[in-house]
Amino acid sequence: MSNHNNNSTANYGTTISIESLKVIAESVGIPSLSDDCGKELSEDITFKLKHIIQDAMKFMIHSKRIRLMPYDIDNALILNNIEPLYGFSSADHIPFRFASGGGRELHYTEDKEIDLSDVVYNTTVKFPLDVSVRSHWLAIDGVQPTIPENPPPVSKDEQKLESVNPIANLRKKENEKELHGKPTTGKIYKLRNVETVHVKQLATHELSVEQQLYYKEITEACVGSDELRRTEALQSLANDPGLHSMLPRMCTFIAEGVKVNVVQHNLALLIYLMRMVKSLFDNPTLYLEKYLHELIPSVLTCILSKQLCLRPESDNHWALRDFATKIISQICKAFNTSVNNIQCRITRLFSDALSNESSYLPTIYGAVQGLQELGPQLVKLYIIPRVKIISPRIDGILERPTSSNADKVAANQIKNILIVINSGNLSSMPPLIKFFAATFTCDISPSNQMLMIHLTNNAISYMITVSLFNSSEFYRTSCHITK
């Protein structure tokens, strides 16, 4: 018996006592808690409390303090995915007092005396409403229902008025605020009683006068003739952190500008608009995923359009296509996920342009350049197998005397980029194939250049096949092929 008392005295303070758990159980409506159940709960709760206190001490040590604070406990609870306790944080140290008696030791905080008259006559604070979630239909078969949670439909005339004259919309809202609060009578009141929805006003995000002025100056500078102002405007778009509210209008301006200038074959303005797109993507404070549905078609138009300028035989619209492919590559690297599959969809679009026999030569050039920017793996999968199909068409245009100058320039551009792509793949070829490729490149005649392209195509396909065999089999097979 004495040994049991000594053990219980030694373990006091290291675990929560069963008596304390019984008191807590009675406070929550469990009148009789068995000793076995109390013992199991005591051990489990004690272990979890020690674990939380140890984590809280880690926060204290890393904060270089010697005093444990309440927010250390909160951080430890958050670390263990437990909601922290609210209302117990204090910037000051809470003084604990010590009391002992009857073989027990107790640490407690001294409560302050409260005057009940102050509590009785003090005005009570209203509790905030509880958070609740309510579901509603956004659209049914593509039609938006007229319920309070959805914005009301706005006619085209009203949308045009808001876009052309935003000040009139502001005055309309001011008049509505003045009328707000008046009692509603008549038919509308009866409809509300039977839960028939009364359409509420659309919540629009208006720009301040300063933001409207900034938007006007930026757009005029980006598409204007002053190169110095344009450089400053593009730098502002790339670095300014306060463009979130103007971003929808910026993207709409770019999309509409590309549509108009592609039809008018205005190469300069298309270049300026693509530079705006590049600056917006370079801004680290902007999240452009919500506006990709406007920006990606604009960039792809500048890559795959059959004509971007009035004089395609002399104007350098190839630089615009190269610049736009770099933007597409940046978009795929930044926003491609397994959900949206942006890169797969863009790759399929480029591949379809290459496979289509009726594609224009500038479109083929843009597709080849776009696939090259997306990575060497796509070059091997989509460009190299189609070189045999593209080469006869290019040879026919270059050798035909009736071909236009624009077609000949486009054919030369496609031939040059194919030679660059295939020469880049020569670095991974076996030495024997490199020797034959170098032999054909000594003569720079068009036929030998295209033959080198065919040889490179066969070499890449051959490398993929023989990579499954060892080196001795590879060179033995190579010698057999050369014979």
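Couple of notes before you dig in:
- Calculated FRET efficiency, H62 to L213, Cβ-Cβ distance, R0 = 45 Å: about 0.40 to the nearest 0.05.
- The label-point distance for N336 and T402, in a model that sets each label 7 Å from Cα toward Cβ, rounds to 4.3 nm.
- Links that overshoot a 29 Å alpha carbon limit, given the list K290/K415; K216/K333; K306/K388: K290/K415; K216/K333
- Label zone (L247, point 7 Å along Cα-to-C-beta; backbone nitrogen cut-off 16 Å) within the range 260-301: 277-296.
- Net charge of neighbours whose Cβ lies under 13 Å from the Cβ of Q211, counting Lys and Arg as +1 and Asp and Glu as -1: -2
- Take K388: with every protein chain present and a 1.4 Å probe, its accessible area is about 100 Å².
- Using a simple spin-label model with pseudo-atoms 7 Å out from Cα toward Cβ, V119 and R393 lie 8.7 nm apart.
- The range 354-382 and the range 295-339 have Cα centres separated by 12 Å.
- For the range 277-362, the dipole from Cβ point charges (+1 on Lys and Arg, -1 on Asp and Glu) about the Cα centre works out to 140 debye, to the nearest 20.
The values are calculated or read from the model by the stated rules, or taken from the named source; none is laboratory data. Source: prediction; values computed, not measured. In this analysis, Cβ positions are derived from the backbone assuming ideal geometry, glycine residues included, and neighbour counts consider all displayed protein chains. Only protein heavy atoms, including side chains, enter the accessible area calculation; ligands, DNA and RNA are left aside. Shrake-Rupley method; radii C 1.70, N 1.55, O 1.52, S 1.80 Å.
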